[in-house]
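Report on the following structure.
The values are calculated or read from the model by the stated rules, or taken from the named source; none is laboratory data. Just so we're clear, the structure is a prediction, and the values are computed from it rather than from any experiment. Every residue, glycine as well, gets a Cβ built from its backbone with ideal geometry; the counts of neighbours run over all protein chains shown. The area values use the complete protein model at the heavy-atom level, side chains included, leaving out ligands, DNA and RNA. Shrake-Rupley method; radii C 1.70, N 1.55, O 1.52, S 1.80 Å.
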Amino acid sequence: MLLDTLSVADVSIVLAIGFMVGLAKAGIHGTTLLSVPLLALLFGGKGSSGIMLPMLIAADIFAVYHYHRHANWRFLMKLFPPAIVGVILGTWLGESIDDALFVQIMAVIIFLSVGLMLWLEKRKSAVPDNHAFAIVTGVMGGFTTMVGNLAGSVMAVYLLSMRLPKNVFIGTAAWFFLVINLFKVPFHVFVWETINWETLQLDLIALPLIIAGVYTGIWLVKKISEAHYRWLVIVMTLVAAAALIPRSL
């Protein structure tokens, strides 16, 4: 049994990760990216992705329940098809990608994303809403979420670039990740075989902390102004990128 092999400290880390996942899905962006390296230390890159996915889905469900009315479906309909392509590419290439190289690439992408977001904040303008930008974002989002559950920053760049209000930002992201994460499940179960009854038992233990994280995040987001929320996303994205660097060395 997987649980029997874990120490009290290991289980405590998993519970903390569950809380961070809940916070992230409720709008405190970046905490999921901080939790990915922690889980990878315990279970390895590929194994941790299978443990993380049900946690993400559970948090997505609660986030969608709270923010579903705020989602912008015009953007979602542009993102879903290329994201599905990205998931399939990630499934196919994921087993052959070196973890360290992938993390290095992701760190560079996230730092560039922060640079773009800062540039947009200075200009006080939005990126033109065109299909090419949505296609690139969707493919990258699908690929990175399949390979490393690291698509949060990719989506943050797109949604902030559209200058969406905070609740629309969170609601749109919640629906996007719920749909795409559910789409990923069969690939994890039948292709990578990273989800099984033992991993689901571990996820179940983390469920109360995931729920607590979601509702803590909802409470915090209400306290943050629109302008400050945008800067929170930018700063947390930068912190998350910095957290990836030690994994790539």
Some residue of the stretch 41-53 being farther than 28 Å from ALA100 by Cα, of a type outside the set (S, T, N, Q) and open to solvent by less than 10 Å² (accessible area, probe 1.4 Å): no
Residue count for the stretch 65-79, restricted to those that are over 16 Å from THR216 (Cβ atoms) and either of a type in the set (Asp, Glu) or surrounded by fewer than 19 Cβ atoms within 10 Å (Cβ to Cβ) (or both): 8
Residue that is more than 25 Å from LEU164 (Cβ to Cβ), of a type in the set (D, E, K, R) and part of a helix (DSSP H, G or I), where the choices are LYS46, LYS122, LYS78: LYS46
Members of the stretch 185-198 that are out of contact with any helix residue (DSSP H, G or I) (no Cβ under 6 Å at 6 or more places or on another chain), within 21 Å of ILE61 (Cα to Cα) and outside any loop (DSSP other than H, G, I, E, B): VAL185, PRO186, VAL189, TRP197
Scope the stretch 146-177; condition crowded, with 20+ Cβ neighbours inside 10 Å and modelled with pLDDT of 90 or more; matching residues: MET146, LYS166, PHE169, ILE170, GLY171, THR172, ALA173, ALA174, TRP175, PHE176, PHE177
Residues of the stretch 178-201 satisfying the condition of being of a type in the set (A, V, I, L, M) and either at pLDDT below 90 or buried (at least 19 other Cβ atoms within 10 Å of the Cβ) (or both): LEU178, ILE180, ILE195
Candidates LEU182, LEU178, LEU160, LEU220, filtered to the one that is over 14 Å from the mean Cα position of the chain (by Cα), part of a helix (DSSP H, G or I) and under 30 Å from VAL11 (Cβ atoms): LEU220
When residues of the stretch 122-133 are limited to those that are in contact with a helix residue (DSSP H, G or I) (Cβ under 9 Å, 6 or more places away or on another chain) and at pLDDT 70 or above, the one least open to solvent (accessible area, probe 1.4 Å): PHE133
